[in-house]
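The values are calculated or read from the model by the stated rules, or taken from the named source; none is laboratory data. Just so you know, these numbers come straight off a predicted model, no measurement behind them. Note: ideal-geometry Cβ built from the backbone for every residue, glycine included; neighbour counts use all protein chains shown.
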């Protein structure tokens, strides 16, 4: 009777298995024969070769043959150990490669699900997705740069400047009527915080946060070196002890911002608005403030070595204790600015002729712990005209 296709397939598989087992048994038998021959015959041949025809007592010859067998056993045992070690190492490598592939697949799945969450209409789902991306970036160095770019793009699209949607405060709303970013856009604050943490260990040179609405954002202690904030609105933002080394702040709005002890070394603050900004004990070395509006700004005890204030407006600024000894003050306006005996001016610079008012030094700065929290802080009205 003719067999069906499944039956023929099973029969072929069974025949192949029998043949493989027979071949394995044959090889094992041949191996045992060869091994037995080596241990039985070879020691005698080696001893006879070494004796070179000399006659020795049978007991001595037997001892020599047994010594050769012992040596062969040790060699074979060593080879077995080496082969076992190699096989174990290979198995470990295969297991590690498999584990790595599994982990990468798991990370990829988490990454995809987190990105999908960013498009949700629910705030808590978006926040969960941002936290998931943050966690992945901390665990996977190869995904960190992509996640930084995603977070920056998220901020640019959700917080454009000027505001595009009705859910965001209009551009002309007084700053004291605007809620802190963590209240009005909690997901954006999470993205900004994650970005400021991850940028501390990144490889790419520039991160683009230009033209974003970061009014009353909380950036205390975050790292934004070489980040592009050009034309962003950061009015009343909290940047206490942040790192903005070589950041680009061209035409940025930093009115009433808290930049106490911030690192702004080699930053580009050209044409920026820093009226009433707090730059106490800030590192301004080699920063460029060309044509920047610094009226009413507090620069007490700031280090401005090599800073450029060409055509900058420093009227009514507090410069008590500021080190301007090597700063460029060409065409800077200083009428009504405050200075003290601890203010350091460039050589041959007549600050009195520039309209600077000498007054007493205020002494040590108050602890930041004594300052009002950003959630409740109210910006005082500006005395300077727009």
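Observations on the structure shown:
- Number of residues in the stretch 242-259 that are under 18 Å from residue 365 (Cβ atoms) and out of contact with any helix residue (DSSP H, G or I) (no Cβ under 8 Å at 6 or more places or on another chain) equals 3.
- Figure legend. Inter-residue proximity from the stretch 65-84: first residues farther than 15 Å from residue 37 by Cα, second residues at pLDDT below 75, beta-carbon distance below 9 Å, spacing 6+ or different chains. Indicated pairs: 67/43; 67/47; 71/43.
- Looking at 141, 188, just one residue is under 22 Å from residue 115 (Cα atoms) and modelled with pLDDT of 95 or more, and that residue is 188.
- Residue 368 fulfils the conditions (1) touching a helix residue (DSSP H, G or I) at 6+ places or on another chain (Cβ under 6 Å); (2) closer than 19 Å to residue 281 by Cβ except for a single criterion, (1).
- Output for the stretch 279-294, where each listed residue is assigned to a loop (DSSP other than H, G, I, E, B) and in contact with a strand residue (DSSP E or B) (Cβ under 7 Å, 6 or more places away or on another chain): 279, 280, 284, 285, 289, 290, 294
- Of all the numbered requirements in (1) surrounded by 21 or more Cβ atoms within 10 Å (Cβ to Cβ); (2) modelled with pLDDT of 95 or more, residue 208 misses one, and that requirement is (1).
- Residue match in the stretch 322-337 (condition: over 28 Å from residue 246 (Cβ atoms) and either part of a loop (DSSP other than H, G, I, E, B) or at pLDDT below 95 (or both)): yes
- Among the residues of this structure, residue 275 does not count as one that is part of a loop (DSSP other than H, G, I, E, B) and without any contact (Cβ under 8 Å) to a residue 24 or more places away in the chain.
- Checked across the stretch 212-229, the condition of being in contact (Cβ under 8 Å) with a residue 24 or more places away in the chain and surrounded by fewer than 14 Cβ atoms within 10 Å (Cβ to Cβ) holds for no residue.
- Restricting 333, 320, 315 to those that are more than 19 Å from residue 270 (Cβ to Cβ) and surrounded by fewer than 23 Cβ atoms within 10 Å (Cβ to Cβ) reduces the list to 320.
- Picking from residues in the stretch 294-307 that are touching a residue at least 24 places away in the same chain (Cβ under 8 Å) and farther than 13 Å from residue 257 by Cβ, the one that is surrounded by the fewest Cβ atoms within 10 Å (Cβ to Cβ) is 301.
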